[in-house]
1. Using beta carbons and a limit of 8 Å, which pairs, at least six apart or on different chains, have the first residue in the stretch 45-69 and of a type in the set (V, I, T) and the second one at pLDDT below 95 and surrounded by fewer than 10 Cβ atoms within 10 Å (Cβ to Cβ)?
2. Which one is nearest to A61 (Cα to Cα), of the residues in the stretch 5-25 that are β-branched (V, I, T) and in contact with a His (Cβ under 9 Å, 6 or more places away or on another chain)?
3. Any residue in the stretch 18-43 that's on the phi > 0 side of the Ramachandran plot: show its pairings with residues that are of a type outside the set (D, E) at Cβ separation under 7 Å, as long as the two are six or more apart or on different chains.
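The values are calculated or read from the model by the stated rules, or taken from the named source; none is laboratory data. Predicted, not measured: the structure shown is a model, and the values here were computed from it. We place every Cβ from the backbone using ideal geometry, glycine too, and count neighbours over all the protein chains shown.
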Amino acid sequence: MKISARNQLKGKVVSIENGSVNAIVHIDIGVGNVLSSTVSLAAVKELNLEVGKEAYAIIKATSVMVGVE
């Protein structure tokens, strides 16, 4: 896979929360860090995402959202 995004984090899917249209995919990227991403249910199916599968989180600076509790 060749892509232009420089921020590529390899990890393992630890959970998938399916909604009616989208899913939240949680990827353990190591050292106790879990990254969460909202993707379509179609993307989950296309990529055959499932718990335990290796996946890449690819981050473009224009797509990053930050939140606090």
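1. Close Cβ pairs satisfying both conditions: I58/I3.
2. Let us first name the residues in the stretch 5-25 that are β-branched (V, I, T), namely 13-14, 16, 21, 24-25.
Next, only the ones that are in contact with a His (Cβ under 9 Å, 6 or more places away or on another chain) stay: 13-14, 16.
Details: V13: 22, V14: 24, I16: 24 Å.
Only one residue fits best here, namely V13.
3. Partner pairs satisfying both residue conditions: G30/G11.
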